[in-house]
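Following: one structure in structure tokens, then a few remarks.
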Amino acid sequence: MFDDLLNNNKAWAQRIEEQHPGFFKELAAQQKPDYLWIGCSDSRVPANEIVGLMPGELFVHRNIANMVLHTDLNCLSVLHYAVEVLKVKHIIVCGHYGCGGVRASLGHDDLGLIDNWLRHLKDIAYANNEILSAEEDEDARVDRFCELNVIAQVSNVCKTKPVQRAWKAGRELTIHGWIYGIEDGIIKDLKVDAKSFDCMPELYRVG
């Protein structure tokens, strides 16, 4: 079973090279993606595949429930590199319906270490309690929260220093909020694009 993965890799590399001769040599020479994808770690949401992009076209960061936290040095380092070194033009925060992390954050079970991560989701749920309480069906409540979480994370991306520095310098950089349907494979645009300081409260502006 494990060896199958290596064999699959060889077959994939051969197929790509046959379809695009010289592809890997060109790929090794440079990395110039226009997009940074911040998504969930869920194995059912393969970033490149669901948007039809080849290796090298999408810079990717994934974590449980696609969160952007001001204390997460991993995510912030990815943002810094993507914006200030790769000069991406678009940052896509993409959640997905039925997210297990989002669902778990609405419960009260002691899940161990991950509870520290889910606490950030609970804060978002608390701030949107009225909206979530209006959803009587549990699955509908989870899916609505998945959308609200994406919206919150788009806001968090806007508050980061790399994004603000790019905007201050007059660079073209847009933050998008999307959500993916695992049951149908379709991405929904939540229409919360942000491309300037106008999209964030004055309090969070740096410099």
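The values are calculated or read from the model by the stated rules, or taken from the named source; none is laboratory data. In this text, all values refer to a predicted model and were calculated from it rather than measured experimentally. Glycine gets a Cβ as well: all are built from the backbone with ideal geometry, and neighbour counts include every protein chain shown. Keep in mind that these areas ignore ligands, DNA and RNA; they rest on the heavy atoms of the full protein, side chains included. Shrake-Rupley method; radii C 1.70, N 1.55, O 1.52, S 1.80 Å.
Taking Cβ atoms as reference points and 14 Å as the exclusive limit, the residues near residue 12 contribute a net charge of -2, counting Lys and Arg as +1 and Asp and Glu as -1. Within the shell defined by Cβ-Cβ distances under 14 Å, the residues around residue 37 carry a net charge of -2, with Lys and Arg each +1 and Asp and Glu each -1. Can you check what the net charge comes to around residue 190, using other residues whose Cβ is under 14 Å from the Cβ of residue 190 (Lys, Arg +1; Asp, Glu -1)? That works out to -1. Based on Cα contacts under 8 Å between residues 6+ apart, the range 17-149 shows a relative contact order of 24 percent. Extension gain for residue 165 to residue 7 (0.36 nm times residue separation, less C-alpha to C-alpha distance): 52.4 nm.
In this Cβ point-charge picture (+1 for Lys and Arg, -1 for Asp and Glu), the range 130-207 has a dipole of about 1000 debye about its Cα centre. With a simple spin-label model that places each label point 7 Å from the Cα along the Cα-to-Cβ direction, the separation between residue 136 and residue 87 comes to 5.6 nm.
Our summary gives the range 93-207 a relative contact order of 30 percent, counting only alpha carbon pairs under 8 angstrom and 6 or more residues apart.
Ranked from largest to smallest solvent-accessible area, with a 1.4 Å probe on the protein heavy atoms, 49, 136 come out as 136, 49.
Here the dipole of the chain is about 1160 debye; that uses its Cα centre as origin and unit charges on the Cβ of Lys and Arg (positive) and Asp and Glu (negative).
Here the simple spin-label model places points 7 Å from the Cα toward Cβ, and for residue 18 and residue 80 these points are separated by 4.4 nm. Just checking the listed ones, 104, 166, 28: in the Gaussian network model of the chain with Cα springs under 10 Å, the one fluctuating most is 28. Maximal additional length on extending the residue 49-residue 113 stretch stands at 20.0 nm, based on 0.36 nm per residue less the C-alpha distance.
Could you list, in their original order, any pairs among 25/188; 25/87; 32/122; 10/87; 89/122 whose Cα atoms are separated by more than 26 Å? With Cα atoms farther than 26 Å apart: 25/188; 32/122; 10/87; 89/122.
Rank 114, 76, 45 by how far each Cα sits towards the positive end of the charge dipole of the chain (+1 on Lys, Arg Cβ; -1 on Asp, Glu Cβ) and give me just the farthest. Of the listed residues, the answer is 76.
Dividing the alpha-carbon radius of gyration of the range 82-150 by the rule-of-thumb value 2.2 N^0.38 Å gives 1.31. Oblate is the label for the range 1-93. Its Cα gyration tensor axes, ordered a ≥ b ≥ c, give a/c of at least 1.5 and b/c at or above a/b.
Rounded to the nearest 20, the size of the Cβ-charge dipole of the range 1-58 about its Cα centre is 80 debye, with Lys and Arg at +1 and Asp and Glu at -1.
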